[in-house]
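Every number here is computed from the coordinates shown, using simple stated rules; none is lab data. Remember, predicted model here, so these are calculated numbers, not experimental data. Don't worry about glycine lacking a Cβ; one is built from the backbone with ideal geometry, like all the others, and counts go over all protein chains shown.
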Amino acid sequence: MGKSVMYYDDLTKFIYLKFLHPNDLPPDLLNIGWLDSEHVFPTDKIDPLVLPVIKKMVFNERSLHMTRGYYFCPFCTISHPIENHPVPASIELGGQEKSLGSGTIIIQGKTHAYAFPNLLYHYISDHKYKPPHVFIDDVLSYY
Ligand SMILES: [Zn+2]
């Protein structure tokens with residue numbers, strides 16, 4: 001815990017879990033946002049329209065379940081308000097709450113298909129992670 005179990009460079013080919021879904025994933029899925037505490041990641045301000053779209057994707061797009069538990073953010077610890085144990089980051093949309101850290105979102109963008117952890121939302125909002133331009137462009141033209 002406190003350490004992510006996997007790291008992939010942005011825009012490399014997504015292969016994790018592929019053996020479980022050999023036929024129903026886009027053939028050229030690219031990794032986005034597989035960060036850990038041992039690799040420096042790019043940070044910057046990004047278009048404020050990006051986060052609301054990613055939130056919508058986390059709630060509405062295809063999600064592969066990754067583990068039985070949660071991956072916790074490798075950069076911060078969010079503690080339960082009463083009991084003293086770490087809890088996953090979460091987001092809320094229209095009164096629905098979703099825990100981040102157990103799902104991989106699959107989207108087919110305009111230029112590429114991408115696989116990203118749903119923690120991507122938290123990485124951008126809380127840790128200023130800046131994904132590659134091509135991904136941001138595809139997100140902004142998605143809906
Ligand atoms: Zn965090």
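A few points about this structure:
- For region 63-143, the set of trypsin sites (Lys or Arg not before Pro) satisfying both a DSSP loop assignment and a count of at most 13 other C-beta atoms within 10 Å is given as ARG68, LYS110, LYS128.
- Cα centre as origin, Lys/Arg/Asp/Glu Cβ charges: the chain dipole, Debye: 160 debye
- Shown here for region 46-141: GluC sites (Glu not before Pro) in loop regions (DSSP other than H, G, I, E, B) with at most 13 other Cβ atoms within 10 Å, namely GLU83.
- Over the chain, DSSP H runs of length four or greater, each weighted -39,500 (n - 2.57), average out per residue to a 222 nm ellipticity of -5500 deg cm²/dmol.
- The chain: relative contact order as a whole-number percent, Cα under 8 Å and 6+ apart: 29 percent
- Ratio Rg/Rh, restricted to the chain and using Cα atoms, in which Rh is the Kirkwood radius: 0.94
- Estimated vicinal HN-Hα couplings, Hz - region 106-119 in sequence order (Karplus 6.51, -1.76, 1.60; Gly, Pro = x): 10, 10, 9, x, 5, 9, 9, 9, 10, 10, 9, x, 5, 5
- Surrounding net charge for GLY94, when Lys and Arg each add one and Asp and Glu each subtract one, Cβ distance under 14 Å: +1
- The stretch between GLU97 and THR43 holds 16.8 nm of extra length on full extension. This uses 0.36 nm per residue minus the Cα-Cα distance.
- Label-to-label distance for CYS76 and ASP137 is 3.1 nm, based on points extended 7 Å past Cα in the beta-carbon direction.
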